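Notes for the one structure printed next.
The values are calculated or read from the model by the stated rules, or taken from the named source; none is laboratory data. The structure displayed is predicted, hence computed values, not measured ones. Don't worry about glycine lacking a Cβ; one is built from the backbone with ideal geometry, like all the others, and counts go over all protein chains shown.
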Amino acid sequence: MPFVQNFPFFSIILSMFSGIVSAVLPARAAKWVNGVLIGTVGVLSAILLVYLMGTKEAFVYWMGHFPAPWGNEIRAGALEAGMALFFCVILLLSMLGGQKKLVGEVEYSKHNLYYILVDLLLSSLLALVYTNDLFTAYVFVEINTIAACGLILIRQNGRTIEAAVRYMIMSLLGSGLFLLGLCTLYDLTGHLLMSNIREAVAQLSRQQAYTVPLLTTIGLISAGLAIKSALFPFHTWLPDAYGYSTVSSAAILSSLVSKGYIFLLIKIFYRVIGFEIIGESKVINVLFVFGLMGMVFGSLSAIRENDIRRMIAYSSVAQIGYIYMGLGLGTQIGIVASVFHILSHAATKSLLFISAIGLTDVSGGSRKFLDLTGAGYRNKLAGVAFTVGSLSMVGVPMFSGFVSKLLFMEASLGHAIKMFPALLVLALSTILNAIYFMKTVIRLYVPDKRPDFGQITMKDEKLYAATLICFIALNVTLGMFSQPIVNWIRTGLSVFG
Amino acid sequence: MLGPNLFANYGEAVAIILFGIGFSNLLLQKNLIKKIIGLNIMDTAVYLYLAEKGYIDGRVAPIVTNGVQEVGAYINPVPSGLVLTGIVVSVSVTALMLSLTIRLYRRYHTLDLDEISTRLKKEGL
Amino acid sequence: MKRKDNAFFRWFFGETDTMLGRVEMRPQQEYTETASDIREVMQDSLTQDQTGDEEDFVLIRVFHRLYRVAAVFFCVALIAVLLINVSWLPKNGGADNPVNNEVSARYIESGLQETGAVNIVTGMILDYRAFDTFGESNVLFIATVTVLILLRLDKEKKAPAKKGMPVYQRPKDELTIAQAQSRDRIYEPKNNVILQVVAGFLVPILFIFGIYVILNGHLSPGGGFSGGAIIGAGLILYLNAFGFEKTERFFTEKTYKWVSFFSLTFYCLAKSYSFFTGANHLESGIPLGTPGAILSSGLILPLNICVGLVVACTMYAFYALFRKGGF
C-alpha cells in the first residue's frame, strides 16, 4: 500500500491529538498548535488530492485489523480529499480573520478551550468527509454539534447562550431522528458499513421487500440531517447564533458546520441507499419543496432585517435552500451543482462575515445600517471585500456565485416537472438577493463624513487585510476557473458511490 | 397500511411511543428542565429500540461461558455495543444542556425559554 | 528516611492522613443566615413577578396557540408513521432476521480468539469497532470543554498586552469566585451526621466496586464507562458529605487536567498504533494472553482503565462545576 494512503487517517488522528494536547497548553501555544495543525492537514489533503486525481479511483483504509463487514474503515476519493483541503483553507482564513476580535470578546483564560473546540471540529469534519461507517458518522455528527455549540457560546452574553440552547434543541431533535433511522436501517440490513448496506438495500429493493420501512428510514435520515443543517422551517436558532457569536465562529458555523452535514447527506444518498433508489423515492421531492421555500423566505427575512450580521445570517438560510433544491432535483448534475454551491457559499459567506466586522469596527461598533453609512470609505479594503461577496451572492459573472447559479439553472433544465418551479424560484431569489445585498453596498458607499468614527487602513491591520485579500482571490478563482473544479467534482462523484 | 408484525414487535412499539413522548416534550415544553427530561426519555427510548433489535428468543447475553462459542448460544452483540456508545453521547449532551440552563437561570432567574426571549428583546442587545 | 516529610512517603509508611498538620480537621463552621443572604435567595422569586408584559398582543398569543396545535399534530403524526414502520419490521426475536448475519456470527465465533476478550461486546467496541469508541470518548472530552467554558470561574488574567489589541472586559453581572463560594455555603449540606457516617461506610465500597468493574471489563459485564461512573458517584457522595475542603486535598483542577490528558493521550497513541499496523497489514505484536485471566486481551484492559479514569474525573468535574464553578 502506498504511504500516501495513510494521510486521511493521519489528518483525523492528528487533529484529535492536537485537541487533547491543547487542554494542558497555555493559550499562545494552543493557538500555534491550532494553526500548524490546520496547515499540516491542508498540505496532507493537497498531496492526497494530487495522488487521487492521478489514480482516478477511491481506496479503502482499514481502521484496525479486520476487513470489511467486521471492522471499521474510512474511504477516500478525489471528492473527499478536495473537500478536506477546501475545509482547511476556509477554516484557516476564518481563524486568522477573527483573531483580533477573539482577544476582545473572549476571556483570556478560556482561549485555549476555544482552540480545542476548533481542533475537534476539524477532526469531526474530516471524519464526516472520510468515514465509511454509518455509526461512526453518528458519533462524529455529535462531536460536530457540541463543538458548534461551544463556538456559539464562547462569547458569553444572553443572546449567544439563548441561541446555543435553541441550537442544541433543534440539533438534538435532528440527532434523535437520525439515530432512529440508522437503527432501522441496521435492522433491515444487518450492516453498519456504508458499502455493505448499499448492497443489502439494493437486494431488498430488487425483492420488493420491506418497502415501507425503507422509505421511512430514508425520510428519517434526511429529515434529521436537514434539521441539523438549518433547512428552512428549522432555522429559527440561526440568526442569533450567527449574528452575536464572535466573528470566527460565525464564519466557521455558516461555512463549515452545516456543510459537513450536507456532505454526509450526499454521501448517504450515494453510498448507503444508492442513487437510483433515492431518485425514485418521494423524500427528495419534500427536500426540493422545502429548499424552494427556504430560498424565498430566507431572502424575505433578510430584507426585513436592520442588522448587517443578522442579514448575512438570514441569507445563509436562502443559500442552504439552494443546496437542498439541487439535491431535490435527484439528478447527477443537480448534485454537481449542489457540491459546487457548497464550495462557493462557504467561500463567500465567511468572506461576508469577516468583512462585515471590519465595517462595524469603523462605525462605532454598531451593526445598524444607519450607522454603517459611508463605512466603505472609512475601511476601504473591508468595503471592497464586502462588495465582492455581495456581487458573488447575487450572481454577477466573474465571481463564484454566478457559476453555481448557472449550474443550478442547467440542472433544473434537465428535469421535466421540476424545471418550471425551480427556474421561477431561482429568478425570484436572485432578485431578492440583489435587493438586500445591493441596498447594503449602496449604503456603504453613500458619502457621509462622520468625524466621530475613525478610519482603518491596511497598514493598521496587516493580518486582517491579508485574510481579506486571500478570500477575494479564492472567490475570484472559483468564479473564473470553474471548469477544472466542476471536472474535479464530476470525477470525484463518479467514484463516490 | 398496517403491517403484520405490530403486536409481535410490541417492544419496539413501546420504544417508539416513548420516543414520541420524549420528542414532544423536547419540542413543546417551555421549561428547560422539562425539555432536558424529554431529551433523556427520547434517547433512552432509542436505546430500548436498539436493544430490542439485538434480542433473539431464548439466548443469553454475549459473554462466553464454559467455552461455548456457537452462534446459536448468544444474542447479537452489535446493538449492545451501539447502546454503550450512545449512552456516553447522551450523558455528554445532557451535561451540556444542564450547564446552559444554569447560566440562563443565573442571568434571568427563570427557566421559561419564551420568557427569556422576551427579556432579551427588552434588553435590546 | 530523610524525606519523610514528602506526602507520598508519609502515605507509603502508613500514616493515615498524609495532609495532617496542613489541613484543619475540625468540623465545618455552622452557617448562619443573614438578612442579605435571605434577600439574595428570595430575589429569584421577586424578579419573576416583574415580567410577563400585558402589552403582549393577542396576535402573538394566537400564533403561539396555532404553533402548539401544529406541533402536537406533527408529533402525533410522527408517532403514527413510526408505529406503521414498526409493524412492517421483521419479527422481534427471530433467529433468522437480517440482523443476525455473518457480522455478528464472526464476533461470536471467533471474537475470543481474535480479541482475547471473554465479554464479546467489550471486544467488539474496543477492537473491531474501536474508532467509534475513540470518537465517543472525544464526545465526553468536548462536552467537558464546553461545560468549562460555560461554568468555570477564573481569576481575572490579562492577556499579554500588545499594541493595538483590544482588551477583554468581563461583564459586570458575572459571578466572581468569592460570590460563588459564599453562595455554595448557603446550599451546602451542613455537617449532616447521618450522611457522613453512611458516606464513610459506602465510599470505599463504591471505589472498590468501581475498580472491580473496570478491571473486569473484558471478562464480565461492565467496562471503563460503567466503572468510571461508579467511582465518580463515590467521589460526589464524599464531596457532599464532607465538603470541598476535604476533596481538594487530593482532587483539584490540576489533577483533573493531567489525569484526563494522560489517559486520552495514551488512548489516542495506543489506538493510532493499532489502526496504523492494521491498515498497513503489519503485526501489532501485542500479546493477547490467556482468555479469562485478568491480564489478557491485549490493549483492551489498559484502554478500559483509561476510559474509567477519564469518566470518573469527568463526572466529578461536572458536579463541581455545576455547584460552584471550580474544583
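Given (1) out of contact with any helix residue (DSSP H, G or I) (no Cβ under 6 Å at 6 or more places or on another chain); (2) more than 9 Å from chain B (Cβ to nearest Cβ); (3) part of a helix (DSSP H, G or I), where does C:Asp96 come up short, assuming only one miss?
Checking C:Asp96 against (1) out of contact with any helix residue (DSSP H, G or I) (no Cβ under 6 Å at 6 or more places or on another chain); (2) more than 9 Å from chain B (Cβ to nearest Cβ); (3) part of a helix (DSSP H, G or I), the one that fails is (3).
Restricting attention to segment C:199-210, does a residue exist that is of a type outside the set (Phe, Trp, Tyr), surrounded by 17 or more Cβ atoms within 10 Å (Cβ to Cβ) and within 30 Å of A:Gly19 (Cα to Cα)?
Within segment C:199-210, one or more residues are of a type outside the set (Phe, Trp, Tyr), surrounded by 17 or more Cβ atoms within 10 Å (Cβ to Cβ) and within 30 Å of A:Gly19 (Cα to Cα).
Out of curiosity, is A:Phe290 modelled with pLDDT of 90 or more, surrounded by fewer than 23 Cβ atoms within 10 Å (Cβ to Cβ), farther than 20 Å from A:Phe437 by Cα and of a type outside the set (A, V, I, L, M)?
When the stated conditions are applied, A:Phe290 passes them.
List every residue pair whose Cβ atoms lie under 6 Å apart, where the two residues are 6 or more positions apart in sequence or sit on different chains, the first residue falls within segment A:145-172 and is more than 7 Å from every other protein chain (Cβ to nearest Cβ), and the second residue, located anywhere, is surrounded by 24 or more Cβ atoms within 10 Å (Cβ to Cβ) and outside any helix (DSSP H, G or I).
From segment A:145-172, the pairs are A:Ile152/A:Ser245; A:Arg155/A:Ser245; A:Thr160/A:Ser245.
In the list C:Phe275, C:Phe327, which residue meets the criterion of being farther than 24 Å from C:Gly135 by Cα and among the aromatic types (Phe, Trp, Tyr)?
C:Phe327
Just to verify a result, which residue in segment A:76-124, among those that are within 30 Å of A:Tyr270 (Cβ to Cβ), of a type in the set (Gly, Ala, Ser) and at the interface with chain C (Cβ under 10 Å from one of its Cβ atoms), is surrounded by the most Cβ atoms within 10 Å (Cβ to Cβ)?
For segment A:76-124, the residue satisfying everything is A:Ser124.
Looking only at helices (runs of 4 or more DSSP H) that lie completely in segment C:189-287, which have at least 2 residues being among the β-branched types (Val, Ile, Thr)?
C:193-215, C:224-242, C:253-279
Among B:Ser92, B:Ser99, B:Ser80, which is of a type outside the set (A, V, I, L, M, F, W, C), at pLDDT 90 or above, crowded, with 18+ Cβ neighbours inside 10 Å and more than 30 Å from C:Val103 (Cα to Cα)?
On the way: B:Ser92 fails: more than 30 Å from C:Val103 (Cα to Cα); B:Ser80 fails: more than 30 Å from C:Val103 (Cα to Cα).
Going through B:Ser92, B:Ser99, B:Ser80 in turn, the sole match is B:Ser99.
Determine which member of the set A:Ala434, A:Ala422, A:Ala465 is surrounded by 14 or more Cβ atoms within 10 Å (Cβ to Cβ) and either under 18 Å from A:Asp361 (Cα atoms) or without any contact (Cβ under 8 Å) to a residue 12 or more places away in the chain (or both).
One residue alone meets the criteria, A:Ala465.
Report yes if some residue within segment A:307-320 is closer than 16 Å to A:Leu407 by Cα, hydrophobic (A, V, I, L, M, F, W, C) and surrounded by 22 or more Cβ atoms within 10 Å (Cβ to Cβ); otherwise report no.
yes
Quick grid of which residues meet (1) within 13 Å of chain C (Cβ to nearest Cβ); (2) in a loop (DSSP other than H, G, I, E, B); (3) among the small types (Gly, Ala, Ser):
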| residue | (1), (2), (3) |
| --- | --- |
| A:Cys183 | yes, no, no |
| A:Gln203 | yes, no, no |
| A:Arg206 | no, no, no |
| A:Thr216 | yes, no, no |
| A:Ala226 | no, no, yes |
| A:Ala241 | no, no, yes |
| A:Leu265 | no, no, no |
| A:Ile278 | no, no, no |
| A:Asn285 | no, no, no |
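Using the structure shown, decide if A:Ser363 is farther than 30 Å from A:Ile38 by Cβ and modelled with pLDDT under 90.
yes
Just to verify a result, which residue in segment A:178-214, among those that are free of Cβ contacts under 8 Å to residues at least 24 places away in the same chain and of a type in the set (Gly, Ala, Ser), is nearest to A:Asn72 (Cα to Cα)?
Once the filter is applied, the top-ranked residue is A:Gly190.
Could you grab me the full set of residues in segment A:10-36 that are surrounded by fewer than 24 Cβ atoms within 10 Å (Cβ to Cβ) and under 24 Å from C:Leu282 (Cβ atoms)?
Those that are surrounded by fewer than 24 Cβ atoms within 10 Å (Cβ to Cβ) and under 24 Å from C:Leu282 (Cβ atoms): A:Phe10, A:Ile13, A:Leu14, A:Phe17.
For segment C:221-255: of the residues being at pLDDT below 90 and closer than 30 Å to A:Met63 by Cα, which is surrounded by the most Cβ atoms within 10 Å (Cβ to Cβ)?
Step by step, filter segment C:221-255, then rank; the result is C:Gly224.
Within segment C:104-117, can you find the residues that are surrounded by 22 or more Cβ atoms within 10 Å (Cβ to Cβ) and facing another protein chain (nearest Cβ under 7 Å)?
C:Ser104, C:Tyr107, C:Ile108
Of the conditions (1) within 14 Å of chain C (Cβ to nearest Cβ); (2) under 28 Å from C:Val145 (Cα atoms); (3) in contact (Cβ under 8 Å) with a residue 60 or more places away in the chain, A:Val41 fails just one. Which one is it?
(1)
Only one of these is surrounded by fewer than 18 Cβ atoms within 10 Å (Cβ to Cβ), at pLDDT 90 or above and not hydroxyl-bearing (Ser, Thr, Tyr): B:Ile87, B:Ile63, B:Ile75. Name it.
None of the other options fit; the residue is B:Ile87.
For residues that are touching a residue at least 12 places away in the same chain (Cβ under 8 Å) and outside any helix (DSSP H, G or I), scanning just segment A:395-419, find the one that is surrounded by the most Cβ atoms within 10 Å (Cβ to Cβ). Before the answer, list the steps.
First, the residues of segment A:395-419 that are touching a residue at least 12 places away in the same chain (Cβ under 8 Å): A:395, A:397-405, A:407-412, A:414-415, A:418.
From what is left, the residues that are outside any helix (DSSP H, G or I) are A:395, A:397-399, A:414-415, A:418.
Details: A:Gly395: 22, A:Pro397: 12, A:Met398: 14, A:Phe399: 25, A:Gly414: 13, A:His415: 17, A:Lys418: 22.
Only one residue tops the list, namely A:Phe399.
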